[in-house]
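Notes for the one structure printed next.
Please treat every number below as a calculation from the coordinates, not as lab data. For clarity, every value in this text was computed on a predicted model and none was experimentally measured. Counting neighbours? That spans all protein chains shown, and the Cβs are built from the backbone with ideal geometry, glycine included.
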Amino acid sequence: MAASDLGSNALARGTAPYETKKNDNGSCSSSLAVDNAADPYQDSLFRAPAGSISDFSDPAAHALASSQAEIVPGRRVQLDGAKRFPPSPLGASLPSHGSGSRFLLRTDNNRADPAGQIPGHSPSEPSSALPLTIGGMTESDPAFQQLKLFTFTGHAENASAWTGFNPEPNLPPSPNMMPADAVSPPTSRPGTVGANVSATPRSRAGMLHSVPDVPPLPVTSHSRPPASRSISGVPMQRKPSVFFHRPSTTSLHSRLPSRSGRNGTSVGNVEQAGRIHTRRHFVSRRLPLGYSAEKPWLTGQAKAEKVLSWIVIVAFVIGLAIIGVLIWVGTTEIQNYNYCTVLEDTFDEGFLNTTIWTHDVQVGGFGNGEFEWTTSSLNNSFVRDGKLYIVPTFTADVIGEDNMMNGYTVNLTKAGTCTSTADSDCAVRSNSTLGDMIPPIMSARLLTRKFANVRYGKVEVRAKLPQGDWLWPAIWMMPTDSVYGPWPASGEIDICESRGNDHTYPAGGVNVMSSTLHWGPTAALDRYWKTHNTLALKRNTFADGFHTFGLEWSDKYIMTYLDGRLRQAIYHKFATPFWTYGTFPSTYHNGSIVSDPWPGDDLQAPFDQEFYLILNVAVGGTNGWFPDNQGNKPWNNDDRQTAMCSFWNAREKWQQTWGNEGSRGMIVDSVKIYSMC
């Protein structure tokens, strides 16, 4: 075949075209059509990558093999072909060597030194190769001899230039080797061999690629080569890779030729081949067709295993039965009673109905040392927009600050408005010398005592609590008649109590509500802590919106809740007399006897009498509701004489937290009281 035909065939197959030119001796040989003068990397090493094993039957390979190619360190050439032609389909062969034999091609282009000038060798002496280990085969194996690599000295016109050439035609491929077309080369650089081939993915059939690359690093025999990469869009299977080891005592940079080609010299045309590594073939984990998996659970169990299985099943069934019984018992204890309406006030009339609500007017602090003067003034309790407001105000705005501190007398008995029989609750005179002052805050306290009293029933108050330091809102109940004695012998029911301080207050601010039952023979033996609980809001506070504070009370239990019965605050079942439940001592500290104020056979006492509802907003106090040394409290609970004055003198700190009427006041949306029918 003519050289032009060969070049056309090479182009058709995606390889670099080659042309026929004359050698120095006048003979013609095939060579690659490469502009070496334009190649800035012409002195780079070209080496055959992993598995670059070709056939002489490939016309392009034959043309390249028969060209005057020379070994140049740092450049590699790869022949790539997706299919193999039969041996010598167009008659291309090497004379006297047969066709179709596999070989490893190494070429040098534009050697700097004369061909054959190899240290330790004569120009006609073939270079030697290191022993190879291929797929576990040694040099003594016949298959190894067939796969032995050859070194090309650069004299293609001389048959003796090919050392170790196997003249056998149609050498069968080794199972440990791969065809050259299975190796994908990197992208070509302009001006080098294969530069006229596009770098875009295309058919890999018969493609000749040439890529400048750095000299290969030494690869020891125990290292594993990296996975092959593909330049085409078709995924490639991993195959054995061929690596070349070039041992040298010189450094890597000293072996690299000069880029310019002027200062550097070639290291020769001898490269010793290193060890060839192969990778294990992929083994599928899929189950073969017809595979029968083991199913030990179908073959029967041992006797011990059966017994254990039945024990687990029986225990599970018993547990379900116990849970069912507990659920049934719990549902039967909470009964849905029939209730009759006693009071339902939604404040739609536009004014406070004094027939229902009574103002508790006092200045004595209600036994807690509170700092407010409760009034019946419209400044402190009024109805607006269908809501009841209970708002604290400053006493100084009514009587003046000077009168509040000295020389002013408040006599509620003379005015006929006091609701207490104790003189200390109805009259007070300010005296700066003694430390006495008029309560600095005015507020309101509303009762249903004259209209709505209930024994065993239900109470629901929908309200929004106030916000402000040292405010004390409360929704609670007291007995209509103190049948069992003074407080707390006759009991007290606190549906809701809170503090207006913010959520950072250690004792609990406006985000926390408390519910408590007070009971005991005397105030010193109040066992409220046995029937006390708190509920807290996580994302907001009780001043941010309306909530329902409820009480459910029967002869079997008493319960308080928040926004429905599912969220209980306290639940006390009347199963044990309070005297027994309280574990009271037999004597006081002074030696006097502690007596039981309730009937021994009454499980509900003292909560078996009628109670009435109270709504109020208190301020401060010395009873401990605001503990000492917490939240920068400006007064001391032990100093009752000066506590009120200390609170007022620190008003610059707490006054700014009170806000307007809607913020510092308790707003009530509705009040509902039911009795058991």
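Side notes on the structure shown:
- Antiparallel beta bridges, as assigned by DSSP with both residues in segment 343-676, represent about 95 percent of the total such bridges.
- Exceeding the 32 Å Cα-Cα cut-off - candidates K387/K573; K450/K538; K530/K672: K387/K573; K450/K538
- Remark: spin-label model distance I311-D436 equals 8.1 nm, labels positioned 7 Å along the Cα→Cβ axis.
- Across segment 552-677, Cα-Cα pairs more than 24 Å apart make up 59 percent of the total.
- With each label modelled as a point 7 angstrom along the Cα→C-beta vector, the T355-H589 pair spans 5.2 nm.
- Top positive-direction residue, dipole computed over segment 343-676 with Cβ charges, set T534, W519, T358: T534
- Given their separation in residues at 0.36 nm each and the Cα-Cα distance between them, W328 and D544 gain 74.0 nm when the chain is fully extended.
- Per-peptide packing, taken as the mean over residues of other Cβ atoms within 10 Å, places 592-599, 304-311, 361-368 in the sequence 361-368, 592-599, 304-311 from highest down.
- Near the amide H of N431, within less than 5 Å, lie the amide hydrogens of G407, D436, M437, all on another chain or at least 5 residues away, with H placed in the peptide plane.
- Relative protection proxy for 289-297, 635-643, from highest mean packing down: 635-643, 289-297 (other beta-carbon atoms within 10 angstrom).
- DSSP-loop GluC sites (Glu not before Pro) across segment 353-411, with at most 15 other Cβ within 10 angstrom: none
- Sum of side-chain charges, Y337 neighbourhood, beta-carbon under 9 Å (Lys, Arg +1; Asp, Glu -1): 0
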